[in-house]
Structure formats: C-alpha cells, structure tokens
Amino acid sequence: MKLAFIGIGNVGFSIANNLQKKGHEIIVAHDNPQSESVQKAIARNPNFSTQTVQSAVDAAEVVFLATPFKANQAILSNLNFNGQILVDCTNPVGPGISHGLNSELSGSEKVQVWAPDANVVKAYTIYGFENFADASFPKYNVRPVMLIAGDDAKAKTKVSAINDDMGFDTLDTGGLSQALHLEHMTLLWVKMVRAGGHHPNFVWAYLEK
C-alpha cells in the first residue's frame, strides 16, 4: 500500500520504517522537505519519498497522523481528505500525564471534527514507539494485540491488514468514542514506562477460550 505520514518523529518513523520493510511505499508528508525531522527520517531510510501534505494525502491509500496533539487542529483544518482513511496515532496528554481533554471526549473524536471528510481510526497509541519498530516477542506463541476504534468498518478492515503486516493481531473495540479508553491505556503505559521506570519492551495480548 501507499502510506502517507503526517509527522515522522519517534512514533511516525517507527511505524513507517517497519511497514516500508514489509513492502509498503512510504510518503513523508511535509510542506518543508528540508525540515530537520524530514531530513533525519530520509537519512535513516532513503526509501522514503516526500511530498507536500495535501499531495501526500491525495496520493496515499491510508494516512497516518503522528504529530503532537496540540498541532492537530492547525494541520488538519487546511486539508481535504475526501473520504480518506486517517489513522490517529496521537494522544492528548495534560499535566502530570493526565488526559488532555479531561476525559470528556477522546482526542480522536476531536480529530474527526477537525477532519470531517476523513474516516478516522484510532490505532498505534497504547504502546511506545519501541514496540512499533519491532512487534516480535519470540519467547511467546502469541502476537501482541493492537486495539483500534473507529466508525467506518471498511476503514478498520484496511487498518487491520496493516496491523497484520506490522506483527499485531487486531481487536476492534467499537466506534470512535471508544478511543477515549484507548487513550487511558496509553496514559497507563506512559506512566509505567516514561515516569515509573518500567522497561518499554512490553505489550498487551488478547487471549480467547
């Protein structure tokens, strides 16, 4: 698939690099291709291409949003998605690693408001970037689970296929409002690792009887 990334920092690069190695075409979406973040990403993986943000959105099958949450409104308000799938990899984080929207609404629902003509799917937030770079856990006979949420079934099917390429099983948690609970899982992981000193190389698994 042809995949565009708006935001190519730790999270965006880890996902993009993993997927490029699995055969996907990666477009770094940025209106300034000479920016430090773009140049750093291209240096690490010369197989990435660059396009302006709107051109990348138009060209891609799926768009990933991996920017700081506070930048989302300004970025999205100037873009046309025309029904494109937009994977929201961002999280609203407030003071003290709290929910940045006071747990009243998910960040993904705000993303949907700012990009009303996109099909938003929440994914790639419940772990740190270390586990997007490499999702393999060879000591176990199960794959880690990627929890997703969204209102469009076809969009979630396509994201599930990407998850499979990344090395994740998919658990569809329901509509986009469920993203609020996924964001709380993110805060749990961040508090344990970034604040609490737990090592980052752990994930959740989904086990059924």
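Mind checking which residues of the range 20-33 are part of a loop (DSSP other than H, G, I, E, B) and either at pLDDT 95 or above or within 24 Å of D134 (Cβ to Cβ) (or both)?
Hits for the range 20-33 are K22, G23, H24, H30, D31, N32.
Could you please tell me which pairs satisfy a Cβ distance under 7 Å, a separation of 6+ or placement on different chains, a first residue in the range 107-120 that is among the charged types (D, E, K, R), and a second residue that is surrounded by 18 or more Cβ atoms within 10 Å (Cβ to Cβ) and in a helix (DSSP H, G or I)?
E109/L176; E109/A179
Output yes when any residue across the range 61-74 is assigned to a helix (DSSP H, G or I), of a type in the set (S, T, Y) and surrounded by 15 or more Cβ atoms within 10 Å (Cβ to Cβ), and no when none is.
The answer is no, given that none of the residues of the range 61-74 is assigned to a helix (DSSP H, G or I), of a type in the set (S, T, Y) and surrounded by 15 or more Cβ atoms within 10 Å (Cβ to Cβ).
Could you list all residues from the range 148-159 that are buried (at least 23 other Cβ atoms within 10 Å of the Cβ) and either in contact with a helix residue (DSSP H, G or I) (Cβ under 7 Å, 6 or more places away or on another chain) or more than 16 Å from D169 (Cα to Cα) (or both)?
I148, A149, G150 - these are the residues of the range 148-159 that are buried (at least 23 other Cβ atoms within 10 Å of the Cβ) and either in contact with a helix residue (DSSP H, G or I) (Cβ under 7 Å, 6 or more places away or on another chain) or more than 16 Å from D169 (Cα to Cα) (or both).
All but one of (1) more than 12 Å from the chain's Cα centre (by Cα); (2) surrounded by fewer than 22 Cβ atoms within 10 Å (Cβ to Cβ) hold for A56; state the number of the condition that does not hold.
Going through (1) more than 12 Å from the chain's Cα centre (by Cα); (2) surrounded by fewer than 22 Cβ atoms within 10 Å (Cβ to Cβ) one by one, A56 breaks only (2).
Being under 21 Å from A123 (Cα atoms), without any contact (Cβ under 8 Å) to a residue 40 or more places away in the chain and among the small types (G, A, S) is the filter here, so list the residues in the range 24-70 that pass it.
A29
The values are calculated or read from the model by the stated rules, or taken from the named source; none is laboratory data. Everything numeric here is computed off the predicted structure, so don't read it as measured data. Reconstructed Cβ throughout: ideal geometry from the backbone, glycine too, with neighbour counts over all protein chains shown.
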